[in-house]
Amino acid sequence: MVYACEILTELRRWPHTAETFRTAKPIRGADVHEDANGDGRPVAAQVSASGADQEFLALERELTMLLRRARANQGEMAREVHPDLEPAAYGLLVLLEEHGRQRATDLAGYIGVGKATMSRQLRALEQLGLVGREPDPADGRAWLVKLTDEGRGRVTRVREARRARYVRQLAHWDRREVAELARLIHQLNRVMEK
């Protein structure tokens with residue numbers, strides 16, 4: 001699971017990409033083709049020898065790099081919450097912070113893991129004192145998972161520190177550009193869910 005804030009973190013490592021988003025013009029050496037006529041009119045998509053559009057090849061390459069870096073950052077954020085926290089569990093904590101109490105089966109479906117994996121992750125989070133369980137008032141047989149006060153405090157501190165870094169790193173961006181990037185990433189995430 002990739003969050004817009006994690007993607008913004010990655011942009012700090014890509015100064016040429018940030019400038020490309022800011023100006024909507026490719027930077028010399030970027031993997032985006034410029035129009036041949038130089039007057040802004042659209043040109044036909046360039047197709048590689050394999051038949052793939054260059055724009056989609058560039059998108060694949062940049063997303064691959066971004067996801068690799070986001071996974072590394074997720075591990076760093078997990079360690080900031082608790083030194084023994086698995087990187088994959090960080091997303092669970094963020095989800096619980098944003099959406100409140102959830103059933104384990106719903107968490108598993110949202111994250112895209114099986115019940116056994118989710119049970120193992122939740123046990124580990126409980127042992128660290130970051131989550132707890134309580135009976136589901138709508139179904140006495142089910143349990144809801146929630147952040148403990150300790151878990152909420154730790155996750156909130158890490159996320160606030162990250163957001164402060166994004167603000168510093170993207171201070172030269174117009175807020176509308178940040179909002180547009182977040183909107184486009186959200187749109188991409190929605191398409192990828194289908």
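Output yes when any residue across region 136-146 is out of contact with any Phe, Trp or Tyr (no Cβ under 8 Å at 6 or more places or on another chain) and within 20 Å of residue 83 (Cβ to Cβ), and no when none is. No, there is no match, as no residue in region 136-146 is out of contact with any Phe, Trp or Tyr (no Cβ under 8 Å at 6 or more places or on another chain) and within 20 Å of residue 83 (Cβ to Cβ).
All told, residue 113 falls short of being hydrophobic (A, V, I, L, M, F, W, C), modelled with pLDDT of 95 or more and under 29 Å from residue 190 (Cα atoms). Could you tell me how many of the residues in region 158-194 are within 17 Å of residue 73 (Cα to Cα) and touching a residue at least 24 places away in the same chain (Cβ under 8 Å)? The total comes to 8. Quickly run through region 135-194 and pick out the residues that are of a type outside the set (Asp, Glu) and in a loop (DSSP other than H, G, I, E, B). Selection gives 137, 138, 148, 170, 171, 172, 173, 194. Being farther than 30 Å from residue 56 by Cβ and at pLDDT 95 or above is a property that residue 129 has. Screening region 48-124 for helices (runs of 4 or more DSSP H) wholly inside it with 3 or more residues that are without any contact (Cβ under 8 Å) to a residue 60 or more places away in the chain and farther than 22 Å from residue 161 by Cα returns the ranges 54-81, 104-111. Checked against (1) in a helix (DSSP H, G or I); (2) modelled with pLDDT under 50, residue 31 passes all but a single condition, namely (1). Exactly one residue out of 167, 155 is under 30 Å from residue 62 (Cβ atoms), at pLDDT 95 or above and either among the aliphatic types (A, V, I, L, M) or loosely packed, with under 15 Cβ neighbours inside 10 Å (or both), and it is 155.
The set of residues in region 150-168 being among the acidic types (Asp, Glu) and closer than 16 Å to residue 128 by Cα consists of 150 alone.
Answer yes or no: is there a residue in region 143-157 that is in contact (Cβ under 8 Å) with a residue 60 or more places away in the chain, under 13 Å from residue 91 (Cβ atoms) and under 18 Å from the mean Cα position of the chain (by Cα). Yes, some residue in region 143-157 is in contact (Cβ under 8 Å) with a residue 60 or more places away in the chain, under 13 Å from residue 91 (Cβ atoms) and under 18 Å from the mean Cα position of the chain (by Cα).
The values are calculated or read from the model by the stated rules, or taken from the named source; none is laboratory data. Since the model is a prediction, treat every value here as computed from it, not as a measurement. Virtual Cβ from ideal backbone geometry, glycine too; neighbours counted across all protein chains shown.
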